[in-house]
Structures are given as C-alpha cells and as structure tokens.
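Working notes for the structure below.
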2 protein chains.
Amino acid sequence: MGKAALKSPARKRTAPKQERQQQLIQATIRSVAKNGMSDTTMATVSSEAGLSQGIINLHFQSKDRLLVETLRFLSEQYRETWEKAVFKAGDDPADRLAAMVAMDFKAPVCDRNKLAVWFAFWGESKSRPTYRKICAMRDMEYRAELQQACHDLVDQGGYQNLDAKSVAASLSAMTSGLWLDLLTNPRCMTREHARRICMSYLAITFPRHFPGRSKQP
Amino acid sequence: MGKAALKSPARKRTAPKQERQQQLIQATIRSVAKNGMSDTTMATVSSEAGLSQGIINLHFQSKDRLLVETLRFLSEQYRETWEKAVFKAGDDPADRLAAMVAMDFKAPVCDRNKLAVWFAFWGESKSRPTYRKICAMRDMEYRAELQQACHDLVDQGGYQNLDAKSVAASLSAMTSGLWLDLLTNPRCMTREHARRICMSYLAITFPRHFPGRSKQP
DNA sequence: TTGCAATGAATGAACAATCATTCATTCGCT
DNA sequence: AGCGAATGAATGATTGTTCATTCATTGCAA
C-alpha cells in the first residue's frame, strides 16, 4: 500500500465494470443529443466519455448493444422514477395522478438531452423490433398505472360517464406531445407550463378532484 | 409520327426534373421508415427508387439536401392538407376544429411511414438547426390556426373561463402523442380511435358544441 | 418521313473518407 | 510479479461523392 494518498482521486483509471458501462451510457445520451443518432459514432461516444476508441467494444461488444442498453437504461430509469413518485403519493388516486404528471416534467426524466434521445429511438423504432419492444413495454407499464389511478378515481368520485382507459390514453398522449414541444420549441414551452397544461386536463376531466382551470397564459 | 405507341409508358427513362425529385423524396420516406435514419444511405434510397447510385447527387447535390427537402415536403404537404380541410369546413369554428382533428388522422398525412419519418427528424432536430426551424414553422402555423378556431369558439360559445392558447396547445400535444401510439403500438391504437380521443377532449372542453363523451372503449 | 448531330438525363465503376471492430501492447492496482 | 482493465494503431467494410461514359430524346436538314 503506497505511503502517499497519491493519484487524482477524481477519476480512477480502472473502474468497476458497471460504473464504466454507466459512464458510457451517459456519454451516449450526450452524443445522441448533441450529434443526432445518425452522426453518433463509436468515436463521438468514447470521446464524450473521455476514454479510448476500443472501450465500447470492451464493455458492450458492439455499437448495437450499446444503443440497446442506453434505451433500456432510459426505460428503467423512467419506471423507477414513476414508481417512486406513486409510492410517495400514497393511496389517494388524485394524488397519484398528480404525482405522475409532475414526475413527467421534472428531472431526472424530463431532461432536454434525454428527450432528444427518446425521439431518436422512437424514430428508429419502426425499423428495429428491439427498440419497439422496449418502448412498448415502458409505455404499457406506465399506462397501466395511469389507468389504475383513473379507474380508482372514477369509482371513488362517481364519474360514471368516464372511461378510465381513454382518459389514461389522452393523458399519456398529451405528455409525449408536450415533450415534443419542450424538445423543438424550448423558448415557448417550459416544463412547468407543460405540467400545468396536463393539470388543466385533469381539472376538466375530474372537476371535483382538481382545482378548476383558470385563464392562465 | 411513330406508328407504334412503343415504350413502356409506365416509366420513362428521362423524366422532368421535378418528377424525379418527387420520386426520390418518396423513396427517402420509404427508406427512412424501413431502415431508420441511421441506416438510410444513398444506396438504399436510390435502390428504393429503382434508379442508379449517382442520381441523388445529380438532383439534390448532397445527401443533406435530400433530407432537408424531404422534411420540407412533409411540412408543406401537411400545411396544404389542413388548409384545404379548414377551407372545406367553412366558417363555423367547431366545424373547423373537427376538420383539423380529422385531417390529422387520415391519409395522406397520417401514414405510418410518414409518422416514422417525422419522429426520425424530431429525433435529430436538437442537433440540426435547419430541421428544427422547419419543424417549428410547421408547428407554429398549424397551432395559430388551431388557436384562432378555439378563440372564435370561446367567444361565440361563451366559454369565458377557457384560454384558447392552452386548449390549442393541449390539442396539438395530444395529436403528436397519439401519432406516437400509432407508430409504436399500431395494434392497440387505430387512426379512428385516435381521432375519437381528440374529439372526446373537445367534448369536455366545449360541451355545448360537441357531442358528449360516452363510455366508448 | 428519314438521317444525323446535339443535348442532357442517367448510369455505375472508382475514389477518398469515415466507420465499427480487432488486438498486441501498456498501464495500474493488488 | 501477475492480472485484468484500458489503450490506440491497424484493418477491412461501408459511406458519400465524383465523373467518364451511355443512351434516350429533340431539333434540324434533306
């Protein structure tokens, strides 16, 4: 054991496998956001990570696997985030809905780089069954939770004319549509504004459980 | 002149410039839908068009310009389509809204190939200012029209608590979100179902101008 | 009509650049 | 010393672009 502490403690040259993989996935997100999926190469990713050329093949075997693992990471982070939010919200279905909406427009999920990457994967999803499966699973799980909360609220609040499934589909669609605004039009749309728009939808849909919509800009 | 009609009348070897360019843009849409943006090459496009390697540089100078012109085509076709739909709908703002929603989920706009291409461009838009400008302009024009119709309906129908801008933003977001469903989950979402979801939103937002929402699946 | 240049659209082989992947070597930790 | 992590030059495949050539069409002369 060396006498001196020595070394830049900030960045070890050799790191545990999982840590390096995570580092490369983060670099992939930055590269896809900065250069687009088409211009993201092994070189742009490894350079973004501050590591060498061959590092990706060492940890992920191929570029394809790196991209799949990146999508899987985004997908799992999304699920963990809303699961946590729902748990914290407790039993009340209205609280659960509000928590899921809030989560959709806050870090770590709603980050401009990550939004760009989501859309990049969606754009490739028609030609890549693996992407489509991961996306479909994320969507299914999220929407099932949304639907459950809507169903509970319809029951508990006596909204007999509402179809929980349709409301969940509407809310989910609105969310991804607002993500698009945040991505392509960040000057006209903020995360807080996007959240308010979703809450307005909840307000007219479940008027007895959410504060009424006002003429906000 | 010529005795025999001669020639395969179906495909002339030399065609007017504009016709060839259109042919190549259609081939680009098919290739991006089939192979994704990353795996769309000069070879896949020209082969999809049934033409030779050099043909794209002859007509578009570069791959970049081909892609930009493809996005511009989609954007202009979208605008022409909704302009026509709004014109046909006449003066009534509720009719105009319904017409724009219907147009969003019908050919030629709502084609699965074209949706894939839209998302591919959106995914690259953060890294390509040219893409972002074209997308932003399309969105702005469309939303201005939507907003106008909402504004008229708010005035005429006495919906004093509604903000036309927010309603337009909600509807627009819902539309692109439903496009995502149609792209990634075509088995669970149809164009007609998507249209109904939008109409349900209009029904709860403008209850005196649209038929009430029922418990449809 | 028939023959014959002239035109320019279309081709596809060739080229240089870029790409993902490999692997012999170096480096750092125990 | 020994071992695994990391490197980066090397490799072959793929890419966008170029350009000499081919070929259908058109205009003109006889």
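Assorted remarks:
- Filtered residues of the range A:104-123 (kept if open to solvent by 10 Å² or more (accessible area, probe 1.4 Å) and over 17 Å from A:GLY177 (Cβ atoms)): A:LYS106, A:ALA107, A:PRO108, A:ASP111, A:ASN113
- Test: residue in the range A:109-118 that is more than 22 Å from A:ARG191 (Cβ to Cβ), modelled with pLDDT of 95 or more and more than 8 Å from chain B (Cβ to nearest Cβ): no
- Scanning the range B:70-94 for residues that are within 19 Å of B:MET42 (Cβ to Cβ) and either within 16 Å of DNA strand C (Cβ to nearest atom) or among the aliphatic types (A, V, I, L, M) (or both) yields a single hit, B:LEU71.
- Being within 16 Å of DNA strand D (Cβ to nearest atom) and at negative phi holds for only one residue in A:GLN77, A:GLN61, A:GLN53, and it is A:GLN53.
- Options B:ARG208, B:ARG128, B:ARG213; residue that is among the basic types (Lys, Arg) and modelled with pLDDT of 95 or more: B:ARG128
Okay, residues lined up against (1) over 25 Å from the mean Cα position of the chain (by Cα); (2) over 28 Å from A:LYS133 (Cα atoms); (3) hydrophobic (A, V, I, L, M, F, W, C):
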site: B:ALA136; (1), (2), (3): no, yes, yes
site: B:LEU146; (1), (2), (3): no, yes, yes
site: B:HIS151; (1), (2), (3): no, yes, no
site: B:THR175; (1), (2), (3): no, no, no
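- Single condition A:TYR78 does not satisfy, out of (1) among the hydroxyl-bearing types (Ser, Thr, Tyr); (2) assigned by TED's automatic domain parsing to the domain that holds A:GLN147; (3) over 30 Å from A:GLY157 (Cα atoms): (3)
- Residues in the range B:164-179 that are within 17 Å of B:ARG112 (Cα to Cα) and either open to solvent by 10 Å² or more (accessible area, probe 1.4 Å) or not assigned by TED's automatic domain parsing to the domain that holds B:MET103 (or both): B:SER176 only.
- When the range A:143-159 is filtered for residues that are within 11 Å of another protein chain (Cβ to nearest Cβ) and at positive phi, nothing remains.
- The residues of the range B:160-175 that are more than 8 Å from every other protein chain (Cβ to nearest Cβ) and touching a residue at least 60 places away in the same chain (Cβ under 8 Å) amount to a single one, B:LEU171.
- When each of B:ASN161, B:ASN185 is tested for being closer than 20 Å to A:CYS135 by Cα and surrounded by fewer than 20 Cβ atoms within 10 Å (Cβ to Cβ), the lone residue that passes is B:ASN185.
- Out of A:LEU58, A:LEU67, sole residue that is within 13 Å of DNA strand C (Cβ to nearest atom) and away from chain B (no Cβ under 13 Å): A:LEU58
Residues checked against (1) among the aliphatic types (A, V, I, L, M); (2) touching a strand residue (DSSP E or B) at 6+ places or on another chain (Cβ under 9 Å); (3) in contact (Cβ under 8 Å) with a residue 60 or more places away in the chain; (4) not in a helix (DSSP H, G or I):
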site: B:ALA116; (1), (2), (3), (4): yes, no, yes, no
site: B:GLU124; (1), (2), (3), (4): no, no, yes, no
site: B:GLU145; (1), (2), (3), (4): no, no, yes, no
site: B:GLN148; (1), (2), (3), (4): no, no, no, no
site: B:HIS151; (1), (2), (3), (4): no, no, no, no
site: B:GLY177; (1), (2), (3), (4): no, no, no, no
site: B:ASP181; (1), (2), (3), (4): no, no, no, no
site: B:GLU192; (1), (2), (3), (4): no, no, yes, no
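Residue by residue, here is whether (1) open to solvent by 70 Å² or more (accessible area, probe 1.4 Å); (2) assigned to a helix (DSSP H, G or I); (3) closer than 24 Å to A:ALA194 by Cα holds:
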position: A:GLN53; (1), (2), (3): yes, no, no
position: A:LEU58; (1), (2), (3): yes, yes, no
position: A:ARG65; (1), (2), (3): yes, yes, no
position: A:GLU69; (1), (2), (3): no, yes, no
position: A:ARG72; (1), (2), (3): yes, yes, no
position: A:TYR78; (1), (2), (3): no, yes, yes
position: A:TRP82; (1), (2), (3): no, yes, yes
position: A:PHE87; (1), (2), (3): yes, yes, yes
position: A:ASP91; (1), (2), (3): yes, no, no
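- Any chance A:ARG208 is open to solvent by 10 Å² or more (accessible area, probe 1.4 Å), outside any helix (DSSP H, G or I) and more than 9 Å from chain B (Cβ to nearest Cβ): yes
- For the criterion of being of a type in the set (Val, Ile, Thr), more than 9 Å from every other protein chain (Cβ to nearest Cβ) and in a helix (DSSP H, G or I), B:ILE134 passes.
- Some residue of the range A:15-36 being open to solvent by 10 Å² or more (accessible area, probe 1.4 Å), within 16 Å of DNA strand D (Cβ to nearest atom) and within 14 Å of chain B (Cβ to nearest Cβ): yes
- Single unsatisfied condition, B:GLU80 versus (1) within 16 Å of A:TRP122 (Cβ to Cβ); (2) within 13 Å of the chain's Cα centre (by Cα): (1)
The values are calculated or read from the model by the stated rules, or taken from the named source; none is laboratory data. Every value quoted in this text rests on a predicted model; they were computed, and no experiment measured them. All Cβ positions, glycine included, derive from the backbone under ideal geometry; neighbour counts span all protein chains shown. Heavy atoms of the whole protein, side chains included, go into the accessibility calculation; ligands, DNA and RNA do not. Shrake-Rupley method; radii C 1.70, N 1.55, O 1.52, S 1.80 Å.
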